[in-house]
Amino acid sequence: MKIALFGATGRVGGEWLRLALADGHEVTALSRSPETLASHEQLRVIEGDVRHFEAVSRAVAGAEAVFSALGTDRTTTLTEATPHFIRAMEQSGVRRIVTIGTAGILQSRTTPELLRYEAGDSNRRLTFAAEEHHKAFGMLRQSGLDWTIICPTYLPDGPAAGAYRIERDFLPEEGKEISVDDTAQFAYTELVEGDHIGYRVGIAY
């Protein structure tokens, strides 16, 4: 498969890239720091900024699917980039996109009509990241694309254990954390197999 990748230099994105290349996929990664990505015969790196449509369009051209591991890092990069993803995919005829979100945009168990960050399920006082992911979720939901948003809770570094739980639109009960590697593994599997198109998927141990 030919895949466009955004967020390749991050923790989840880097592990996801390793998995995709190991399975023989052709990956085009957009990065502001291409020198930080090790060369690989199946990896094409484009230098550019996801906030610029032309750069995103070049990365998506010729792809069959898109994976984004972009976070927020206290910026609006995610909500600036998401419309570019959608537009570039529409122009290139690409329908499938998997992104990494946050458990804050899953439905609350105590107040199901609200999202977890709105209902205070996570007890986090700062909601900027969740608000940005919520906006991106809204854009994807309205796009008509075949989207899936993987929504991990606390993300410590660590190897893939494999014994994680998933649930559509909710965080698995009593879920407290999920490793970076397991998150990347599930996101990679979801892009390839497409079992949860049109859903946010909570993931935790």
Hey, what angle do you get for helix 77-92 against the long axis of the chain, alpha-carbon based, 0 to 90 degrees rounded to 10? 50
Expected field for Glu131, accessible surface area in Å² at 1.4 Å probe radius, rounded to 10, holds 70
Highest-fluctuation residue, Leu30, Leu140, Leu19 considered, GNM on the chain with Cα pairs under 10 Å: Leu19
How many percent of all Cα-Cα pairs in the stretch 12-119 sit more than 22 Å apart? 38
Between Glu47 and Thr111, the two model label points (7 Å from Cα along the beta-carbon direction) sit apart by a distance in nm of 4.9
Expressed per residue, the solvent accessible area of the chain in Å² (1.4 Å probe) is about 48
With all protein chains present, how much of the accessible area of the chain (probe radius 1.4 Å) comes from carbon and sulfur, to the nearest whole percent? 46
Length released on extending from Thr189 to Asp146, taking residue separation times 0.36 nm less the Cα-Cα span: 14.0 nm
Size descriptor, Kirkwood hydrodynamic radius, that averages inverse alpha-carbon separations across the chain, Å: 16.8
Beta carbons within 10 angstrom, averaged per residue: use that to sort the peptides 71-82, 43-54, highest first. 71-82, 43-54
For the stretch 101-205, take N as its residue count and report Rg(C-alpha) divided by 2.2 N^0.38 Å. 1.01
List Met89, Met1, ordered by accessible area with a 1.4 Å probe, largest first: Met1, Met89
Mind pulling the angle between the C-alpha long axis of helix 128-143 and the longest principal axis of the chain? Nearest 10 degrees, somewhere in 0 to 90. 70
Mind ranking Arg96, Arg124, Arg18 by accessible surface for me, highest first, 1.4 Å probe? Arg124, Arg18, Arg96
Provide the percentage of antiparallel DSSP beta bridges, counting only those with both residues in the stretch 114-205; round to the nearest 5. 40
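The values are calculated or read from the model by the stated rules, or taken from the named source; none is laboratory data. Just so it is clear, the model here is predicted, and its values are computed rather than measured. Note that we place each Cβ from the backbone using ideal geometry, even for glycine, and neighbour counts take in every protein chain shown. In case anyone asks, the SASA skips ligands and DNA or RNA and just uses the protein heavy atoms, side chains included. Shrake-Rupley method; radii C 1.70, N 1.55, O 1.52, S 1.80 Å.
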